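The values are calculated or read from the model by the stated rules, or taken from the named source; none is laboratory data. Everything numeric here is computed off the predicted structure, so don't read it as measured data. As a convention, Cβ positions derive from the backbone with ideal geometry for all residues, glycine included, and neighbour counts pool all protein chains shown.
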Amino acid sequence: MIFSLRKEEILIDILVRLPAKSLVRFLCTCKSWSDLVGSSSFVSTHLHRNITKHAHVHLLCLHHPNVRRQVNPDDPYVTQEFQWSLFPNETFEECSKLSHPLGSTEHYGIYGSSNGLVCISDEILNFDSPILMWNPSVRKFRTAPTSTNINLKFAYVALQFGFHHAVNDYKVVRMMRTNKDALAVEVYSLRTDSWKMIEAIPPWLKCTWQHHRGTFFNGVAYHIIQKGPIFSIMSFDSGSEEFEEFIAPDAVCSSWGLCIDVYNDQICLLSGFYGCEDEGLDKIDL
């Protein structure tokens with residue numbers, strides 16, 4: 001019995017060091033290996049090790065077939081379709097070309113990634129846009145079911161995706177607003193494969209949410225909202241389903257080029273702009 005347990009420990013210690021692509025092949029080796037690799041405890045152990053040691057990290061890129069092409073309007077690659085590829089984080093040498101899970105790369109965007117899963121949907125979002133959770137390493141995906149909570153057509157839709165450690169679940173947060181400022185917030189759970197409409201929306205959010213780019217970090221969705229000249233950060237915890245508001249620094253006075261993102265495990269407000277000299281314009285001191 002002790003020897004048998006020792007053998008399993010050694011096997012687990014070997015398998016957790018392998019990338020997901022290799023583990024998928026072992027699912028067909030025998031039933032005991034398939035049960036082991038597919039167990040929730042092994043998945044958690046494998047994931048924790050890779051995150052801690054930053055092992056098997058890849059970048060998912062949408063690019064022209066010729067990655068190193070020069071910017072030239074006469075370049076024949078300009079008219080070709082983009083393609084998805086995986087690049088190792090250390091070398092950035094293309095290691096695997098991917099086929100989009102729906103067979104097309106046009107008009108699709110990435111709305112978050114976590115632990116090897118990528119959330120993909122339409123580049124221009126609508127309330128009925130298909131939402132896919134895709135694992136490009138093993139080329140498997142799941143499509144979120146159509147929500148039955150919505151009976152309005154929304155003009156603006158925002159989407160965030162990520163993992164919530166406290167509830168051990170992957171979440172998609174979808175915020176929608178009509179032209180008449182009616183607001184709806186839905187949360188999709190990968191574990192239950194279902195949507196939930198959030199009923200308790202604070203009054204300050206119903207009339208102030210704008211279609212600014214948001215982000216997702218540690219199970220919380222973040223958005224920029226604006227009340228006249230004042231900017232705030234709205235947070236929504238996809239686990240506790242609670243909203244919070246944080247006033248942005250006084251230096252934030254314009255929404256042009258403003259976005260919120262994650263940098264060095266912290267939420268940051270970023271402002272992107274081009275210098276006048278870069279655009280061939282004159283610079284005038286006021």
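A few points about this structure:
- Strands (runs of 3 or more DSSP E) enclosed by the range 212-269 - at least 3 residues per element that are among the aliphatic types (A, V, I, L, M) and either under 23 Å from L190 (Cβ atoms) or free of Cβ contacts under 8 Å to residues at least 40 places away in the same chain (or both): 220-227, 230-237
- Filtered by the rule that a residue be surrounded by 19 or more Cβ atoms within 10 Å (Cβ to Cβ), of a type in the set (S, T, Y) and not in a loop (DSSP other than H, G, I, E, B), the range 115-150 gives a lone residue, S121.
- Test: Y111 is assigned to a strand (DSSP E or B) and in the same structural domain as W204 (by TED's automatic domain parsing): no
- In this structure, F231 does satisfy being of a type in the set (F, W, Y) and surrounded by 18 or more Cβ atoms within 10 Å (Cβ to Cβ).
- Residue check, S254 at pLDDT below 85 and more than 15 Å from F161 (Cα to Cα): yes
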